[in-house]
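Working notes for the structure below.
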Amino acid sequence: MLQLLAAAKDTFTSKGFAATTMDDIASAAGMSKKTLYKLFESKTELFRAMLLRSLPEADYADAPLDGSPVSRLRNMLREAADVALSPGEIALQRLIIGERQASPALGRMFAEVIMESGTDHVVELLKAVRLERRFEDVPLRLIAEMLFGMVFGHDHFRLLTDTGFKLNRRALDRRIDLAIATFCAAEDGAGDLPRPA
């Protein structure tokens, strides 16, 4: 099944959703169209399964669970960056943007399956974090959305629009630290930002 979903992702991102046929995907996966239709009733159902398959990658399972709540949040944001800003994920997002008029449901599906799960995960982590006093009455969901915007906004836009853009991991890590410091109170010095070199 993983091979089929990987073949579907490759085919969708190279040809576009509208131009991709179930024949194309079956061929790329090395199976018959009849077998493919036994597994998935439609191309849209297959696309949704492909997005759901991406969730384990975006599950942040590799983020270390030890350390302070702020450290866990930092690790999760780094893992999220590794997934969200990866070449395969950027290609998928370009596909969704390119298909938005012909298939508006794809964007909604992506937001529901991928983006909401990331936001929900950050909200759970924020419950254990001591926030700066001025943010104590701000809904955690809003803070989570703002954290994602602060951390990913610049690099995400550049990667979507400029094929020559190279991600600067050091700058991204610094942005993560600054975003966390904006909302989270320092933890006995452990949450202090490292000084720039």
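The values are calculated or read from the model by the stated rules, or taken from the named source; none is laboratory data. The model shown is predicted, which means the values in this text are computed figures rather than measured ones. Positions of Cβ are generated from backbone atoms using ideal geometry, with glycine treated the same way; all protein chains shown enter the neighbour counts.
Report yes if some residue within the range 180-194 is farther than 26 Å from SER68 by Cβ, assigned to a helix (DSSP H, G or I) and touching an Asp or Glu at 6+ places or on another chain (Cβ under 8 Å); otherwise report no. The answer is no; no qualifying residue exists.
Output the residues belonging to the range 174-185 that are touching a residue at least 24 places away in the same chain (Cβ under 8 Å) and farther than 14 Å from GLY149 by Cα.
The answer is CYS184, ALA185.
Considering the conditions (1) touching a residue at least 24 places away in the same chain (Cβ under 8 Å); (2) aromatic (Phe, Trp, Tyr); (3) in a loop (DSSP other than H, G, I, E, B), PHE165 is excluded by exactly one of them, (1). Exactly one residue among ALA28, ALA58 is under 25 Å from GLU99 (Cβ atoms) and modelled with pLDDT of 85 or more, and that residue is ALA28.
Is there a residue being under 23 Å from ARG53 (Cα atoms) and under 17 Å from the mean Cα position of the chain (by Cα) anywhere in the range 165-183? The answer is no, given that none of the residues of the range 165-183 is under 23 Å from ARG53 (Cα atoms) and under 17 Å from the mean Cα position of the chain (by Cα).
Among the residues that make up the range 64-80, is at least one of them hydroxyl-bearing (Ser, Thr, Tyr), over 12 Å from the mean Cα position of the chain (by Cα) and modelled with pLDDT of 80 or more? Give the steps one after another, and end with the answer.
Kept after step one, since they are hydroxyl-bearing (Ser, Thr, Tyr), are these residues of the range 64-80: 68, 71.
Add one more test, that the residue is over 12 Å from the mean Cα position of the chain (by Cα), and what stays is 68, 71.
Applying the additional criterion that residues be modelled with pLDDT of 80 or more yields 68, 71.
Within the range 64-80, one or more residues are hydroxyl-bearing (Ser, Thr, Tyr), over 12 Å from the mean Cα position of the chain (by Cα) and modelled with pLDDT of 80 or more.
Which ones in the range 110-133 are in contact with a Phe, Trp or Tyr (Cβ under 9 Å, 6 or more places away or on another chain) and over 15 Å from MET76 (Cα atoms)? Once the filter is applied, which keeps residues that are in contact with a Phe, Trp or Tyr (Cβ under 9 Å, 6 or more places away or on another chain) and over 15 Å from MET76 (Cα atoms), the range 110-133 yields LEU131, GLU132.
From the list ALA111, ALA128, ALA102, the one residue that fits, being out of contact with any helix residue (DSSP H, G or I) (no Cβ under 7 Å at 6 or more places or on another chain), outside any helix (DSSP H, G or I) and small (Gly, Ala, Ser), is ALA102.
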